[in-house]
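Written below as structure tokens is the structure these notes are about.
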Amino acid sequence: MAECGQKALSLLEAARSRYESLQISDDVFGESGDDSSENPFYSTSGDSSSDNYTSESNGDGQRTGEIAGSHSGGLPGSASSAQAEEEGWSDALRDITVPLYKDTCGPTQKMPVTASAMDFFQLFVPDNAIQNMVTQTNMYAKKYQERFGSDEGWCNVTLSEMKAFLGYVTSTSIHRCESVLSIWSSGFFSNKSIALIMTQARFEKILKYFHIVAFRSSQASQGLYKIQPFLDSLKQSFECAFRPSQTQVLHEPLIDEDPVFITTCTERELRKRRKRKFSLWVRQCTATGFICQIYVHLKESSGPDGLDTLKNKPQLHSLVAKQLCRNLAGKNSIIFTGPSITSLCLFEEFEKQDIYCCGLLSSRKSDCTGLPQSMLVNPEVPQRRGQYRTKMKGNMSLICWYNKGHFRFLTNAYSPSKQGMIIKRKSGEIPCPLAVEAFAAHLSYICKYDDKYSKYFIFHKPNKTWQQVFWLTISIAINNAYILYKMSDAYHVKRYSRAQFGERLVRELLGLEDCSPTQ
């Protein structure tokens with residue numbers, strides 16, 4: 001008995017060590033909060049645009065309860081086991097080892113201890129990018145007035161005015177005001193401390209003519225041409241400023257609305273605001289929350305990559321995944337995916353590039369081509385929680401695990417025979433396959449990030465799609481800037497929360513302060 005107790009204790013300590021290794025020194029936002037993910041297979045936010053990681057048992061679309069289970073032997077093979085053997089899938093399991101990660105994790109540039117919020121933000125949106133906005137806005141205003149008549153209230157915008165313009169719009173992510181024009185009002189969301197930097201009339205003029213690309217060139221395609229150069233620059237700066245950990249997630253981040261607005265707006269307003277004409281996919285580091293790469297897909301439009309012509313969603317999502325992982329070849333990264341991306345064909349293609357995967361499968365959302373049918377149908381025999389069966393083909397494992405429903409995982413990143421453990425506050429420590437533990441731990445961390453990340457979206461809601469994408473990506477850049485700040489020496493001098501960092505950035509954009517965290 002004593003030996004069993006010591007063994008259980010050592011397993012628990014090992015699991016806790018693995019969990020702790022996923023986190024940076026403290027919460028990525030520097031603020032306390034409840035665990036956002038009671039069930040690690042879905043995000044707790046109600047209207048997430050991300051995949052809902054749910055069980056498919058008995059056709060139940062409800063989100064499942066907490067994960068629980070214990071190791072048990074595999075179930076007897078079904079009638080189609082022989083067919084699975086012929087397709088190369090076998091019940092014989094063997095250990096696999098993912099090669100060592102061929103990269104380091106962390107910021108690529110050491111920032112000085114005196115670095116300000118503006119310094120971190122300009123790693124992604126430097127002065128030359130803002131100056132381009134100045135040039136293009138003035139060009140657009142000139143052409144607009146040549147066509148529709150002069151605007152006597154207009155004069156060319158300057159670099160300092162453009163920074164102030166960005167600062168005003170960014171302030172809506174901190175003070176949660178529905179309209180940026182509320183800053184100059186006398187209501188609850190007015191902000192006299194920053195309203196004096198620019199008049200409301202001047203702000204509205206800049207807002208009217210604001211452009212990233214004023215005119216489309218003959219080579220430019222339709223779609224996001226008005227913002228594409230900025231997106232390309234932002235993607236490059238994300239890649240250059242930070243090296244992610246070995247484990248990363250491909251998913252759609254939450255783009256939530258203000259809950260106060262949702263409860264007060266009319267049904268017509270709500271329906272109008274939810275009609276986004278684009279989807280945003282990201283590759284995100286699971287150790288820090290840093291968004292390493294973004295991909296914007298326009299719905300119902302033509303584009304140079306041809307993704308718009310694909311009506312098959314798994315095929316579309318597979319190509320999105322390839323776009324997001326273009327720079328990972330040869331590094332031995334481990335990628336976690338949701339059901340819409342997970343597929344045998346994609347995982348095998350990634351494996352040839354030394355990219356390893358662990359994904360949740362869904363018979364409704366996933367491309368199940370090449371997978372044994374015996375593992376995709378629910379057995380008629382009642383299951384015990386924690387019971388699972390596994391088949392293997394080469395380095396690829398297909399796991400069917402039961403916990404108030406059937407969860408299926410496809411992975412070549414974890415040995416199918418190795419055991420892990422899920423730690424739950426109410427249920428205690430629960431053994432499970434290592435792939436299940438890894439998926440749960442990494443996805444729950446990303447869900448926690450998402451819940452906090454959505455609080456700091458810029459609330460300015462323009463009608464034009466390219467402007468929606470612009471302010472969304474600016475929000476991502478500010479969140480990334482804060483993560484780099486937390487990993488810098490400047491954070492140890494003055495520990496700003498995410499909200500304080502945002503307020504600091506707004507004041508520096510407005511020119512109210514030119515100081516570092518040391519002051």
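For the reader, a short list of remarks on this structure follows.
- Percent RCO, i.e. relative contact order, over region 379-422, from Cα pairs under 8 Å lying at least 6 residues apart: 29 percent
- Taking region 83-180 and dividing mean pair separation by its residue count, relative contact order in percent (alpha carbons under 8 Å, at least six apart): 19 percent
- Among the listed pairs Lys404/Lys455; Lys143/Lys299; Lys277/Lys464, those whose Cα-Cα separation exceeds 21 Å are Lys404/Lys455; Lys143/Lys299.
- Å² per residue, accessible surface of region 361-453 at 1.4 Å: 35 Å²
- Only Lys, Arg (+1) and Asp, Glu (-1) charged, at Cβ; region 340-474 dipole about Cα centre in debye: 600 debye
- The Ala129 and Ser217 beta-carbon pair, evaluated with R₀ = 22 Å, returns a calculated FRET efficiency of approximately 0.75.
- For region 118-199, the spherically averaged projection of the C-alpha convex hull amounts to 6.7 nm².
- For region 360-519, the relative contact order comes to 11 percent (Cα pairs under 8 Å, sequence separation of at least 6).
- Take the Cα of Asn156, step 7 Å toward its Cβ, do the same at Glu348, and the gap between the two points is 6.0 nm.
- FRET efficiency, Asp95 to Lys322 (Cβ-Cβ, R0 41 Å, nearest 0.05): 0.90
- Taking 0.36 nm per residue of separation and subtracting the current Cα-Cα distance, fully stretching the chain between Glu513 and Arg364 would add 48.3 nm.
The values are calculated or read from the model by the stated rules, or taken from the named source; none is laboratory data. Bear in mind the structure is a predicted one, so any value in this text is a computation, not a measurement. With ideal geometry, Cβ positions are generated from the backbone for all residues, glycine too; neighbour counts draw on all protein chains shown. The accessibility values were calculated without ligands, DNA or RNA, using every heavy atom of the protein model including side chains. Shrake-Rupley method; radii C 1.70, N 1.55, O 1.52, S 1.80 Å.
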